[in-house]
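A.B. asks: Before anything else, here's the structure in question.
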Amino acid sequence: MFRAVFVCAMLMTSSAAAQSLNPGPPGPFVIDVRGLTSGVPTAGALYPIAPTPTPSPSTGPSSTQTTETTLNVPSRGFGVDAGAHVYPLGLGPVRLGIGANVLYARGTAPDAVLTMQMVVPQLSFNFGSSNGWSYLSAGAGPARIKTTRTFNTQSINAGGGARWFLNDHTAIGFDVRVHKLSAHGTFPRTTLVSASVGVSLK
């Protein structure tokens with residue numbers, strides 16, 4: 001994935017117009033579409049083990065009991081990170097941004113499949129110019145984890161990244177983010193780290 005982004009960047013750079021010599025502040029808006037990899041929850045509550053019928057002389061032909069079983073479950077997922085942000089206010093050298101991303105990741109293993117969806121609102125502090133900027137951001141939003149069960153919970157996110165514009169409208173960029181998922185019912189508190197890389201448009 002990283003190699004593909006690099007090749008696209010080189011092709012776009014070869015035909016890009018020269019950047020402004022007097023760039024303005026970050027923004028005024030940006031749309032991100034990135035490939036994503038993320039850790040996914042592995043708690044046993046997500047993968048219930050069905051009772052197994054076993055013979056029992058005292059109760060007839062069979063009885064039901066739960067046996068100890070180790071499942072091979074996913075620990076990492078891959079998917080898409082897409083979103084949009086606006087930059088309405090300057091605070092000295094910092095530009096304030098407001099927006100949200102939607103993350104979707106799917107993890108597979110021999111014994112299980114997991115999908116994870118998160119809405120990731122962000123308040124960001126951006127450093128740089130319209131030719132490219134880095135940022136730190138944080139926020140909170142809903143998350144849904146689905147295996148044979150579905151768990152709806154909340155996530156607090158914090159992270160940062162950067163965008164480098166190859167011309168007036170197209171950039172390459174990355175984001176690294178920590179997600180703290182709240183405990184909800186039998187779903188335990190979980191911390192995940194995601195990373196994404198792709199393109200941005202403005």
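The values are calculated or read from the model by the stated rules, or taken from the named source; none is laboratory data. Since the structure is predicted, the reported quantities are computational estimates derived from the model, not experimental observations. Heads up, the Cβs are rebuilt from the backbone with ideal geometry, glycines too, and the neighbour counts pull from every protein chain shown.
A.B. asks: Do you know which residues across segment 146-171 are aliphatic (A, V, I, L, M), over 17 Å from L136 (Cα atoms) and in a strand (DSSP E or B)?
C.D. replies: A171
A.B. asks: If you don't mind, another one. Considering only residues that are of a type in the set (S, T, N, Q) and modelled with pLDDT of 90 or more, look in segment 8-50 and name the one that is nearest to A183 (Cα to Cα).
C.D. replies: Selected residue: T42.
A.B. asks: Additional query: If I ask for residues that are surrounded by 14 or more Cβ atoms within 10 Å (Cβ to Cβ) and in contact with a helix residue (DSSP H, G or I) (Cβ under 8 Å, 6 or more places away or on another chain), which ones from segment 172-187 would you list?
C.D. replies: Within segment 172-187, I172, F187 qualify.
A.B. asks: Now a separate question. For S137, all conditions in the list (1) of a type in the set (G, A, S); (2) surrounded by fewer than 19 Cβ atoms within 10 Å (Cβ to Cβ); (3) at pLDDT 95 or above hold save one; what is the number of the exception?
C.D. replies: Looking at each condition in turn, S137 falls short on (2).
A.B. asks: Given the conditions (1) under 26 Å from T186 (Cβ atoms); (2) modelled with pLDDT under 95, report the number of the one that L91 does not fulfil.
C.D. replies: The number of the failed condition is (1).
A.B. asks: Among the residues of segment 154-171, how many are polar (S, T, N, Q) and buried (at least 19 other Cβ atoms within 10 Å of the Cβ)? Walk me through it before giving the result.
C.D. replies: We begin by selecting, within segment 154-171, every residue polar (S, T, N, Q); these are 154-155, 157, 167, 170.
Filter once more, so that each one left must be buried (at least 19 other Cβ atoms within 10 Å of the Cβ): 155, 157.
Going through segment 154-171 one residue at a time, the tally reaches 2.
A.B. asks: Shifting gears a bit: Provide a single number: the residues in segment 151-202 that are among the hydroxyl-bearing types (S, T, Y) and at pLDDT below 95.
C.D. replies: 1
A.B. asks: Looking only at segment 100-133, which residues are without any contact (Cβ under 8 Å) to a residue 40 or more places away in the chain and either crowded, with 20+ Cβ neighbours inside 10 Å or outside any strand (DSSP E or B) (or both)?
C.D. replies: Residues satisfying the conditions are P110, Q122, S124.
A.B. asks: Can you spot a residue in segment 106-117 that is over 17 Å from the mean Cα position of the chain (by Cα), under 18 Å from G39 (Cβ atoms) and among the hydroxyl-bearing types (S, T, Y)?
C.D. replies: No, that holds for no residue.
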